[in-house]
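The values are calculated or read from the model by the stated rules, or taken from the named source; none is laboratory data. This is a predicted model, so every value here is computed, not measured. We place every Cβ from the backbone using ideal geometry, glycine too, and count neighbours over all the protein chains shown.
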Amino acid sequence: MRIGVDVGGTNTDAVLMDGTTVVSSTKTPTTANVSAGIAKALRTVLEDSGIDRATIDGVMIGTTHFTNAVVERKHLTPTACIRLGLPATVCLPPMVDWPDDLREIVGGNAHLAHGGHEFDGREISAYQPDEVRAIAEKIRDAGLDAIAISSVFSPVNATFEEQSAEIVRSVIPGANITLSSEIGRIGLLERENAAIMNSCLRQLAARTVDGFKAALDELQITAPFYISQNDGTLMNADFAKEYPVLTFASGPTNSMRGAAFLSGLRDAIVVDVGGTTTDIGVLQHGFPRVAALAVDIGGVRTNFRMPDTYSIGLGGGSLIASNPLKVGPRSVGYELTEKALVFGGDVLTATDVIVAGGVSPPREGGSVEGGALSIGDASAVSHLDAELVAAVQGRIMEMIAIAVDRMKTSATPVPVIVVGGGSILVTGAVEGASEIIKPDHFPVANAIGAAIAQVGGECDRIFSLAELSRDEALDQAKGEASDRAVNAGADAESIEIVDVEEVPLAYLPGNATRIMVKAIGDLVEV
Amino acid sequence: MLRQVTLEDIRPIAIGAGILGTGGGGNPYLGGLHLASVIREKGPQAIIDPFDLADDALCCVVGSIGAPTVSIEKLPEGTEMMRAMRELEAHIGRRFDAVAIAEIGGANSMQPLIGGLQAGIPTVDSDSMGRAFPEIQMSSFLFDTSAKAAPLAMVDVADNAALIPAAVSDVWAEKMARNIAVSMGARAGLAGTIMTGAQVKAAGVHYTLSLAHHLGSRVIEAQERKADVPAVVADALDGEVIFCGKITDVDRRVSKGFARGGVRFESYSGADVLEIEFQNEFLIAYINGEIVATVPDLICIVTEEEGEPVTTEVLRYGTRVAVIAAPAPAQLKSGVALDVVGPRAFGYDVDFRPLPGGVIGRSPQRFTTEEKEDTQRSQRELQGNHANPL
């Protein structure tokens, strides 16, 4: 049996699954100390089911914590960036294409130094350790210890990034350093952006993952635990602390995989309403549609291969301003159950307005676990002006309809699956939807998606096509990726090759090509 | 037509130029970011109508020369175009009055705007291709004219500069320049093809900066109203959507400095197959084995929903695209031109099969007043399964 957990900004969901059967599920508020919320959720599903803890094969945790931190510009550690490549790249310095507010929060502390490589491995300019040392001292004197290091063509040769990391560590002991070569692929700005965001998020990641571990320890769960990555596969806890940026968009992936699983539909639009954001994605043949081009996270370009989702700042915890009318993007997040009016607080949230408007029970015989009918004290919002309530409901449906429309590929109406804890915000029909489906267990689709997540293996190396034919090289790469997926715990029978990419390296002897292959498979049942 | 390029014009030009890149020419996004910072510093860049140039005005073209995969990684220093022009001016002992566009397709749409603004001279609303091509001699400024690619000057990100004072042919100029570009890290700024105003007027593919801007503006507008963006692109270029489907295989090789290869698409029903041969740009398209478009006609690939250009370096398995074929400008279709930019010039043993019509290189009234989208769309529906996204 597996436990899937989803830690959102507002709610922590847990689900216990035996194969494809949901044995028990729960939704509890996310707590400031995440481990308390997780512990509570885990305890609930364990007690409800009465199963023996030893029968748990694994705990899969998905979290939108890190994406939310960037979107909301919260809990970000000011981070410096050192880029090696002078005199190249001067006209497009680090963070050049970031939104101003995010650049300000992160510090905009960017430094250019000599070094970097040409495509063929030559040095662009001589690497100067003293220059890097002087920059490291400046960064230290500015009081920063989070640093991202990028170097031109580091996916081909990472030496300068590695040497610079050593120098920075000697100047700033214990520095939190992300090398761009560890994160992404060719495409300097996008790879560097991801590396900077990774360092920004590491403190938060360490606190968060330690919290997960503490929660499991407290409940004496000894099964291994995994964190969901953006491609829907799993990584182990230590890896997640080092590379929180790889969890970006794992929430949408999990909720869409969960929505497909719950609804039985393979082609639909999924609207996942959380506490802080609503993510809209498209299911094609049961998997999220993948973005074709660069993906923005909080307004920053990255080159991860990610589900093509569109996020709006709308959720159950969204703050409501009445004059002029504004819904979100600021949210009370996990403090919903303290701050919202219906829970005795003094902040007007989207949830309050929906409760005041009278909650319609979920359709399709959906259950109401932690959902619709059990939301706080309706009398606390009975004083709200009916006109305001109608205006807010209208605005929310307008926001969702615009976002759904944006993700559609044609004007033909398509089924819309609504999942997530904030699903009560959807109070009417969505223009352009053939039907609105709120499946059983809709509030915990994320956790179900996490629980059914797969494991992956990658092969990323340079092949010389002088010695092998292209087909032989591809077969070899696919074989290596599949072997790694099996070693990571995948059932060999279930393995699929999901991504193949070739990048030729011009002018290298023997027609060298970098081949990247990703294989994924189901976690083998123990 | 455009009289100046402001911050607001960058995005439409980048989108239009990306589509006109026919898969090559590099992504104008980075050049656009760079141009924005130069405009913020110096103000808008002036654009001059080619027919407003004095006959004896001195012009040249500028552009970045190198490999597309390098351009997204080894970003420029920023003053390459201006420094290349200054090297060339020092050689000939005269200042340029205006800078023409070598290649409107792709990143080289931005370089003459950046270089002109930095050098304090206007950019001419004419280029030499109306699209993207991989080599210097593939330029209408050089077909059957007295202009020559050399003398030309090249600079890299550092203080390395090279001058080619003379070449026995434009192909020789290309070969030498290519080798210099490789030694400069597969990316260099180049200024060359010195011309008078009269030569620009006689040989240019005119108003293509305005066309890129118009195309990009229509794409943005179509995205906003959820229209069929590929159909709008086809309409703006007087072309047709010839295929909708997803990428099922990409075969890349690099030889002689170019990313060559083939890409295969399948329609959603799986019944039809489109194959495209590329050498930096998309050159020949086959549907179910039959040739449907040939260079120099334009073969443009855009994402199916957003209509964003898909370049050869971002071709990936699974991407859903629409493929548009559009007629080349008349300047590329003469016998002399086809010897340089026809299918045989790229090593394909097939004849050029011109698509009818064409708007590229025509007066701006031709593309700003006509709205033929509805007829385009119905034509596309009549075509049946090739263009049917379902």
Sole exception among (1) touching a Gly at 6+ places or on another chain (Cβ under 9 Å); (2) free of Cβ contacts under 8 Å to residues at least 40 places away in the same chain for B:Arg83, by number:
(2)
Of the candidates A:Ser331, A:Ser263, the one satisfying the condition of being modelled with pLDDT of 85 or more, under 20 Å from the mean Cα position of the chain (by Cα) and of a type outside the set (A, V, I, L, M, F, W, C) is A:Ser331
Answer residue from region A:95-104, given it is surrounded by 15 or more Cβ atoms within 10 Å (Cβ to Cβ) and touching a residue at least 24 places away in the same chain (Cβ under 8 Å) and is farthest from the chain's Cα centre (by Cα) among those:
A:Val96
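Can you spot a residue in region B:202-218 that is of a type in the set (Lys, Arg), modelled with pLDDT of 95 or more and under 14 Å from B:Val99 (Cα atoms)?
no
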Just for strands (runs of 3 or more DSSP E) wholly inside region B:67-179: which have at least 3 residues that are away from chain A (no Cβ under 14 Å) and crowded, with 24+ Cβ neighbours inside 10 Å?
B:98-101, B:152-155
Out of (1) acidic (Asp, Glu); (2) modelled with pLDDT of 95 or more; (3) more than 19 Å from the chain's Cα centre (by Cα), the one B:Glu73 does not meet is (2)
Screening A:Leu144, A:Leu112 for residues that are touching a residue at least 40 places away in the same chain (Cβ under 8 Å) and in contact with a strand residue (DSSP E or B) (Cβ under 7 Å, 6 or more places away or on another chain) leaves only A:Leu144
Residue tally, condition more than 13 Å from every other protein chain (Cβ to nearest Cβ) and part of a strand (DSSP E or B), over region B:265-301:
22
Could you figure out which of (1) more than 14 Å from every other protein chain (Cβ to nearest Cβ); (2) touching a Leu at 6+ places or on another chain (Cβ under 7 Å); (3) without any contact (Cβ under 8 Å) to a residue 24 or more places away in the chain isn't true of B:Gly63?
(3)
Specify the residue that is nearest to B:Arg3 (Cα to Cα); the eligible residues are those in region B:214-230 that are part of a helix (DSSP H, G or I) and free of Cβ contacts under 8 Å to residues at least 24 places away in the same chain.
B:Arg218
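Could you identify the single residue in A:Pro252, A:Pro288, A:Pro244 that is touching a Lys or Arg at 6+ places or on another chain (Cβ under 7 Å), surrounded by 24 or more Cβ atoms within 10 Å (Cβ to Cβ) and not assigned by TED's automatic domain parsing to the domain that holds A:Glu431? Give the derivation first.
Working: A:Pro252 fails: touching a Lys or Arg at 6+ places or on another chain (Cβ under 7 Å); A:Pro288 fails: touching a Lys or Arg at 6+ places or on another chain (Cβ under 7 Å).
Going through A:Pro252, A:Pro288, A:Pro244 in turn, just one is touching a Lys or Arg at 6+ places or on another chain (Cβ under 7 Å), surrounded by 24 or more Cβ atoms within 10 Å (Cβ to Cβ) and not assigned by TED's automatic domain parsing to the domain that holds A:Glu431: A:Pro244.
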Within region B:49-62, identify whether any single residue is within 30 Å of A:Arg191 (Cβ to Cβ) and either in contact with a Gly (Cβ under 6 Å, 6 or more places away or on another chain) or not polar (S, T, N, Q) (or both), and answer yes or no.
yes
For region A:429-452, check the following and say yes or no: at least one residue is surrounded by 13 or more Cβ atoms within 10 Å (Cβ to Cβ), of a type in the set (Lys, Arg) and within 14 Å of another protein chain (Cβ to nearest Cβ).
no
